[in-house]
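Asks: Right, I'll just put the structure down here and ask away after.
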Amino acid sequence: ATALGHAVPMEVVMPILIGLIFTIIGNYLPKCKQNYTVGIRIPWTLENEENWNRTHRFAGRLWLVCGLAIMLSGFFGGFWVFLPVALLMVIVPCVYSYVLYRKGV
């Protein structure tokens, strides 16, 4: 588009695309089976299938919501939204999984 003389606002396009990717992954996470390649691969999720399933169901919803938040931030100039949301997407499922592990799930 730039070569054709149209301005491409990358500060709008990139958050939308990144948010879309996170939304797609969030939709896929609850469906992935326990494995050592894809998913939230921390010791206690790999140890227990129930922990894996519950963690990925929770993380899938979280990633879906956070992906939508990142997409919306592109429209409102919220570059600073990405880092806290990305940290939230990583830390919260790990803590949730650890809590399940400590409960014996």
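Asks: So what J values fall out for segment 75-82 if you push phi through Karplus, 6.51 cos²θ - 1.76 cosθ + 1.60 with θ = phi - 60°, rounded to Hz, Gly and Pro as x?
Replies: Here the 3J(HN,Hα) series is 7, 10, x, x, 4, 6, 6, 4 Hz.
Asks: Using Cα pairs under 8 angstrom and six or more residues apart, how large is the relative contact order of the chain, in percent? Don't skip to the answer; put the middle values down first.
Replies: Working: 122 pairs, mean separation 36.6, N = 105.
Relative contact order, the chain: 35 percent.
Asks: Mind listing the phi-derived Karplus ³J(HN,Hα) values for segment 51-68, rounded to whole Hz, using 6.51, -1.76 and 1.60 with θ = phi - 60°, and x for any glycine or proline?
Replies: Using θ = phi - 60°, the values come out as 4, 4, 5, 5, 5, 6, 5, 5, 5, x, 5, 4, 5, 5, 5, 5, x, 5 Hz.
Asks: Once amide H atoms are placed 1.01 Å from N in the peptide plane, what residues at a sequence separation of 5 or more from Cys32, or on another chain, have their amide H within under 5 Å of its amide H?
Replies: none
Asks: Moving on. What dipole magnitude, in Debye to the nearest 20, does the chain give about its Cα centre under +1 on Lys/Arg Cβ and -1 on Asp/Glu Cβ?
Replies: Dipole size: approximately 320 debye.
Asks: On to the next question. Tell me, what % of the accessible area of the chain is carbon and sulfur with a 1.4 angstrom probe?
Replies: 70
Asks: By the scheme Lys and Arg +1, Asp and Glu -1, what is the net charge of all other residues having a beta-carbon under 15 Å from that of Gly104?
Replies: It works out to a net charge of 0.
Asks: On full extension of the chain, what length is gained from Arg61 through Val99, given 0.36 nm per residue of separation minus the C-alpha to C-alpha distance?
Replies: Separation in residues times 0.36 nm, less the Cα-Cα distance, equals 11.9 nm.
Asks: Here's a follow-up. Residue by residue, what Karplus-based ³J(HN,Hα) values in Hz, rounded to whole numbers, does segment 92-98 have, using 6.51, -1.76 and 1.60 with θ = phi - 60° and x for Gly and Pro?
Replies: 4, x, 5, 5, 4, 5, 5
Asks: Could I ask something else about it? What FRET efficiency do you get for Phe75 and Ala1 if R0 is 25 Å and r is their Cβ-Cβ distance, rounded to the nearest 0.05?
Replies: On the way: r = 18 Å, r/R0 = 0.73.
The pair Phe75/Ala1 has a calculated efficiency of 0.85.
Asks: Moving on to the next point. Between Ile91 and Ile16, what FRET efficiency follows from the Cβ-Cβ distance if R0 is 30 Å, with the result rounded to 0.05?
Replies: So the FRET efficiency works out to roughly 0.80.
Asks: Another one. Over the chain, with the other protein chains present, what is the accessible area per residue in square angstrom, probe 1.4 angstrom? Spell out each step's value before the answer.
Replies: Working: 6970 Å² over 105 residues.
Averaged over the residues of the chain, the accessible area is 66 Å².
Asks: Select from segment 16-105 those trypsin sites (Lys or Arg not before Pro) which occupy a DSSP coil region and have at most 15 other Cβ atoms within 10 Å, ordered by residue number.
Replies: For trypsin sites (Lys or Arg not before Pro) across segment 16-105 that sit outside H, G, I, E and B with at most 15 neighbouring Cβ atoms in 10 Å, the list reads Lys33, Arg41.
Asks: Only one of the listed values, (1) 16.6, 60; (2) 13.3, 44; (3) 20.2, 67, was derived from the coordinates as Rg and Dmax of the Cα atoms in Å; which label is it?
Replies: Identified label for the calculated read-out: (1).
The values are calculated or read from the model by the stated rules, or taken from the named source; none is laboratory data. Keep in mind it's a predicted model, so treat the numbers as computed, not measured. When we count neighbours, we look across all protein chains shown, and the Cβ atoms used for this are built from the backbone with ideal geometry, even at glycine. Heavy atoms of the whole protein, side chains included, go into the accessibility calculation; ligands, DNA and RNA do not. Shrake-Rupley method; radii C 1.70, N 1.55, O 1.52, S 1.80 Å.
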